Structure formats: structure tokens, C-alpha cells
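> Can you keep this structure in mind? I'll have questions shortly.
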Amino acid sequence: MANIHFLPDDKSFECPENITILKTAKENNIAHANACGGKGKCSTCRVLVLKGLENCNKPTEKEQKILDKLHAPAEMRLACQTTLSGDITLRRLVLNDEDIEFTSIMGKKDFGRLGESKTIAILFSDIRGFTSISEQLLPYDIVFLLNRYYSKMVNIIETNSGHIINYMGDGLMASFGINDEESFEIYAIKAAIEMLDAVDEMKPYIKTMYGHDFEIGIGIHLGEVVIGNIGAGKTSRLTLVGDAVNLASRIESANKEFNSSLLISEEHYKRVEEAVEVKDFVRTNLKGVKDRITLYEISGLKGAYTELQTEFVLEDNVRWYKCGEVPQLDEGAYKEIKIDDRNILLIKKLERIFAFEDKCPHMGLKLRGSKINDKGEIICKWHQTSFCVESGDVRNWCGNKIIQMMKNFEFAQNVINATEQTPLVVYKTKVEQGQLLVGITG
């Protein structure tokens, strides 16, 4: 017969075979919450197994569904669904009426992660000297410049399986590996290098428009953090907590002292040593860090790692690519992403995200700014060619009224006949656990 030690009650009771933890608690006058009456329809009876997890039965289908919704760690179980084959020590997690009310709210929607410890890569970036730049710009220019910059950075991070955690004025924090993505340590480096390349491409524009140089610094550290959704209501968001977060921020700041652009910690370097080109390294003391640490300045990726392909899952000849959290777009709004060498346009219509190749097959112009109508057609903004959003088939070729009115003129004929009536490339989309996946066939 198994024995259960309950905390914080600090009481132990025998639990017969095939009897649940919840029933054992009730029979021994432990005030164990169970809002649904032990039917596996809520999470108020959940417990954290501190010892003896291997002695618990495999989660039932009911239990697994709820645990998945809560992004619960393996140690969290529902007392009403768990039976034992040996001794365990557990902690009850719902103790009073306020806990029950809060847990009930969580059970009615996807509350995100409840808290788990995991080793991940943390990336911080910051625009150099942005305070002095902003002092010389109008408020509109500041916001416009930051949004233009962030749109590029976010696209790069998310297409490399990263997640934006927070924005801090002209800086951002991102994570890699929170969903156990393969090779996430290398993807973090790849994203950082692509961010620096994207900034290099922006420099001439910013110099011309605003008369300022534009540089960023990036710091990456591999360490253990606590991952969980923190906050209430609409302000709840995924957050990282732990010393590793502070260290990653200090590493990013060290770029200013060493006149570098990309520094990584020794812990991260040990995971990617064979994949990276090292420009230099330094032993230094960082503020708030007791011991001296080694930082590596990275200049690029080696050989085949420069062609590292975006991670995907193959199902029925469809490659499903994780593209980060579902973008918060207004109705009809769009977002551009990149998957390997493909430029993809996402458009929201009727609470659904559609994905298309960001190139009209008519004249090869970008589709961004095009709209989806109520007939299930995307209308190219350039010459009003319409395509079916599901199949990409042509519905109306070159429907621009002015061009149609002048179709007997040579220039209009040149526009209409610029290419054959080729269908638009449409990609499948789906959402799993809050993540947007784009499917590419073949």
C-alpha cells in the first residue's frame, strides 16, 4: 500500500491501490479543493509531486488535456485522476477560496505557462546612443523609426524559432528554446547575425533620413530560468525570471566597453563552439556578477551552419514551420515573415491568418497592402488581379478599371500580358498551443 505525505499539512496517510489522491485526502479530512467534484473537468485539485513521481499512474486523457492547456510541468498532476503504485510526497497548490477563484479563471481560458524551470538562450539587444538620437527627433519620427526597426528584428527572431519576451524602449529581450526547439543555441546566434546584417542594410536610409549613425549591441547567455505567465487580465504575458536573465543583459551592455556588436557567454559558447567564428574573447568582471567571466565576440557562423534551415515538422508531405506566437493583428492587417528563402505575407481576415507568397505572379511586385474581400479573394493592390485565398487560382486577371478601359492601348496590353495568368502561391496555416505554423507542400 502506498503512502502519501501531504504538504503544507505535513500529514501522511496510506493510499490503497486504484484509489485516487483526492479520495484519500477527503477520507482523511484534508480540505482538498475540487470544484468539479473530482470529474477531471477543472484544475483546482492539482498538486505538485515533490518525490515519487515515478510511482504515479500515467495521466488519463482527461488529465492530459487539462495539463496541456496549462502548459504544466511533469511534476504537476490532478489529484482526482492520479493513483499510486508507491510512496509520494506532494504539495497541494490550491488552498483557499481565493486560490479556487483564481484557478477557476485559469481553467476557462489558455492562461499560458504556470511556471517551469528550463535551460534556454536569452538574447538582449539595444540601440547604441538612441537617447541622444531621440532628443533630436520629433515624437512621430521616434515611434516610426523604432517600429520600422522592430518589424525587421521580430521577423528575424521569430523565423529562427525565437520568442519576443519584452520591449524596453530601444531594447528588446528574446528567448530561444522555451519549446525545446532543436539546435536552438545555434538559431540564437543565427538570429543575432541576421539582426546585425539587417541593421547594416538600414544604416544608409537612417543616415539619409535622420542624419544619424545606427548601431546595435547584442548579448546572449545560456542559462536556467523560470518561465511563466505573469500579470492579470490583458497585461498577462510570458516572463523569464532568474539570474540568467540579468547576466544576459549585462553581457549585452559589455559591448559598449569592448566596442563589439555580439558577445556571448562561455556557457553558450560551449554549446556552439563548432558552429561559430570567434573574433576575440575577454575575461572581465560584470556589474552584479561576483566572479570574472569569459565573453566571446562572434563574427559569424561556420560553413554549413550559415545555411541552417528553419526547423519544421513533416506531416503528409507538408513541412510545418513554427513562426512564433500568433501575431496580434487587426482585421485586414498584414505582417511580413521570412522562412528560409521565402518571403511570406500574413493577412488576418475573420479571425483567421492567411499566408501567401509575398509576390504577385502578374509582375512580381510585393503583395503587402493588398486586401482580402468578403468573397474569399485577395486583391493585388497594383493592378487589381484577384486570387482565391484557399487555392490561389485566378478569379479576375488585371481587374484595374483604368487599365481595362484602356486595354486597346499598347501600354495597357503590356501590363495585362506581362505574364501568363499564373495562380498565387498560397500556404496552409494552423495554430497549435498559441503558436502559428505555416505549411509548405513538397
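> How would S132, S261 line up from fewest to most surrounding beta-carbon atoms within 10 angstrom?
Listing S132, S261 from fewest to most nearby Cβ atoms yields S132, S261.
> Next question, about the same structure. Kirkwood hydrodynamic radius (Cα pairs, Å) of the chain?
After inverting the pairwise mean of 1/r, the radius is 25.4 Å.
> Now for a different question. Work out the charge dipole of the chain with +1 on the Cβ of Lys and Arg and -1 on the Cβ of Asp and Glu about the Cα centre, then indicate which of N179, S299, Q81 is farthest towards its positive end.
Going by the Cα projections, it comes out as Q81.
> Related question: Counting other Cβ atoms within 10 Å, keep those with at most 12, restrict to DSSP loop, and tell me which trypsin sites (Lys or Arg not before Pro) in region 24-76 are left.
K39
> Among V272, F387, V241, pick out the residue whose Cα is farthest towards the positive end of the charge dipole of the chain, where Lys and Arg carry +1 and Asp and Glu carry -1 on C-beta, about the Cα centre.
It is F387, whose Cα lies furthest towards the positive end.
> In the chain, which longest range has no GluC sites (Glu not before Pro) that are both DSSP loop (not H, G, I, E or B) and surrounded by at most 12 other Cβ atoms within 10 Å?
Counting only loop sites that pass the neighbour cut-off, the longest clear stretch is 18-134.
> Given +1 on the Cβ of Lys and Arg, -1 on the Cβ of Asp and Glu, and no further charges, what dipole in debye does the chain carry about its Cα centre, rounded to the nearest 20?
For this selection, approximately 1120 debye.
> Calculate, in nm to one decimal, what F144 and E274 gain on full extension: separation in residues at 0.36 nm each, minus their alpha carbon distance.
42.9 nm
> Excluding same-chain residues fewer than 8 positions from K190, which aspartates and glutamates have a Cα within less than 15 Å of its Cα?
E158, E181, E182, E273, E274, E277, E297, E307, E311, D340, D341
> Work through the residues other than N155 whose Cβ is under 11 Å from its Cβ and net out their charges, Lys, Arg +1 and Asp, Glu -1.
Within the 11 Å Cβ shell, the charges total 0.
Here, each number is a calculation from the coordinates, and none is a lab measurement. Note that the structure is predicted; figures quoted are calculated from it, not measured. Counting neighbours? That spans all protein chains shown, and the Cβs are built from the backbone with ideal geometry, glycine included.
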